[in-house]
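I have placed the structure first, in the form of structure tokens, so that the comments after it can refer back to it.
The values are calculated or read from the model by the stated rules, or taken from the named source; none is laboratory data. Values in this document were obtained by computation on a predicted structure and should not be read as measured data. A quick note on method: Cβ atoms are made from the backbone with ideal geometry, for glycine too, and the neighbour counts reach across all protein chains shown. Protein only, heavy atoms only, side chains kept; ligands, DNA and RNA dropped before computing areas. Shrake-Rupley method; radii C 1.70, N 1.55, O 1.52, S 1.80 Å.
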Amino acid sequence: MQKMTIFSSFFTIASALSMPLSVTFAAALSIWTFPNHAESPKAQGDKQEQGKTLMITKGCSSCHQLTKLPAAKGLVGPPLDNMAAQSYIAGVLPNSRENLTQFLLEPQKFHADTAMPTPDITQQEARRLADYLWQE
Amino acid sequence: MTKTIHIKLNKKFYSIAALALFLIGALIFSLVYFGVYNVSALTGHTTPVYKFLEHARIQAVDARIDDEVPDLSTFNWQTSGIANYKRHCVACHGAPGVAPEPFSLGMMPPPSAIVRVARQRSPAELFWVIENGIKMSGMPAWKYRLSDDEQWELVALLKKLPTLSKSEYAQLAQKSTGTVTNNTIKDILSQTPEEQALAKPTSTQQSAGEALSGQVAMQQYNCSSCHVIDGIASATYHVGPPLNNMVNRRFIAGTLPTTRENLIQWIMNPPHFKPQSLMPNLHVKRHHAEIMVDYLYQIADDNQSY
């Protein structure tokens, strides 16, 4: 019992100190980050939803695996998890949102021998897919 | 005042603490004395040790970096930066589409895949590591070998590398051949006479081949610097695709149908099948490629017959 006193008093002081700090920090963080989001969370959620639908309707999910989309479990192409962390697209193209959008529009332009067919998608749909895949 | 008296009275607490400390000390001593932990560079650290060291390294660098970063666009990375990179760095770290020298594949920890590091780390961190090196990793300190400007040129180049395709890097590397450098791409891809002799099937020692596990082979060709592979502790960034279930996927590199033989052929010479691929030719010997492929089947979701 006695040996716990020091520990508990230490933690009480530590938490008493850190509580106002963390609250201030969280408040500061929310003030700092909030104006950066031009879009409301709902609009973003809609875009995510669109990306998800495109993954299935445009056939991506039948060849590629994506952990966050259980319906996507294809074993033809590589898994598409952690796209934001990938260095390259198809092993040939430096990865960026822009490059991924271009690749989705015309894969053969970047890798002539690729087994990936050209998806039937518009520029905007390609951008939605790229955004969806880049989202953590 | 009262607290000190309480603690002094509590002898039981002290004796338990002393015993615990003694046991921990004895454990560490015996781990060292009996040589339990393997220092061989054939395999990497165990996952807990790897995670611990990686975390310690990141914290140590973060605690020491200077926040003041000069404007990277002012540095001459296209010629002088690339020339120094080719002279001092490419032998261990490789470059887009360029394999590191064979000797560096045997290093442990393996020199990191440069593109992954460049994407992940800030300019300040990159500069600090170039300047100071990292203890017990093989990364040397360049502080007294390169000027500050030369080191910043390298940082500027590193930040550009992830945006370059294989052919774009090759063009830039070609342009800077005017400077004194031994490490042209051709030199790196060529093997020393000893290595050529080893590559011949006749000189392959059967016993050595048998002793080598697929897991060790994967590490000895530094596959895990770019690929996520079950059973090998390494960073989890992705340069190439994960290999955990790749034998069950229909195509290798999006172009070659997946069969055991095609996997072996691909590992031995990727540019032959996909010239623009960022995966370099690591001159993997056939019997090594075979046991690597065996390992890939072993870690796949279900062992299909092949």
Test for B:Ile82: is it exposed (fewer than 12 other Cβ atoms within 10 Å of the Cβ), β-branched (Val, Ile, Thr) and either outside any loop (DSSP other than H, G, I, E, B) or on the phi < 0 side of the Ramachandran plot (or both): no
Subset of region A:71-101 [on the phi > 0 side of the Ramachandran plot and surrounded by 19 or more Cβ atoms within 10 Å (Cβ to Cβ)]: A:Ala90, A:Gly91
First in region B:260-282 and without any contact (Cβ under 8 Å) to a residue 24 or more places away in the chain, second anywhere and aromatic (Phe, Trp, Tyr) and open to solvent by 50 Å² or more (accessible area, probe 1.4 Å), Cβ under 7 Å, 6 or more apart: B:Trp266/B:Phe273
All positions within region A:89-98 that are touching a helix residue (DSSP H, G or I) at 6+ places or on another chain (Cβ under 8 Å), facing chain B (nearest Cβ under 7 Å) and not β-branched (Val, Ile, Thr): A:Ala90, A:Leu93, A:Pro94
Every residue from region A:68-81 that is under 29 Å from B:Leu161 (Cα atoms), of a type outside the set (D, E, K, R) and either without any contact (Cβ under 8 Å) to a residue 24 or more places away in the chain or more than 10 Å from every other protein chain (Cβ to nearest Cβ) (or both): A:Pro78, A:Pro79
Wholly enclosed helices (runs of 4 or more DSSP H) of region B:89-179 bearing at least 3 residues out of contact with any strand residue (DSSP E or B) (no Cβ under 8 Å at 6 or more places or on another chain), more than 14 Å from every other protein chain (Cβ to nearest Cβ) and surrounded by 20 or more Cβ atoms within 10 Å (Cβ to Cβ): B:123-132, B:148-160
Residues of region A:99-117 that turn out to be assigned to a loop (DSSP other than H, G, I, E, B) and more than 7 Å from every other protein chain (Cβ to nearest Cβ), as a count: 3
Residue list for region A:116-127, restricted to those being in contact with a Ser or Thr (Cβ under 6 Å, 6 or more places away or on another chain) and open to solvent by 20 Å² or more (accessible area, probe 1.4 Å): A:Arg127
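Residue-wise test of (1) closer than 17 Å to B:Gln219 by Cα; (2) surrounded by 12 or more Cβ atoms within 10 Å (Cβ to Cβ).
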site	(1), (2)
B:Gly25	no, no
B:Leu31	no, no
B:Phe34	no, no
B:Thr46	yes, yes
B:Ala60	no, yes
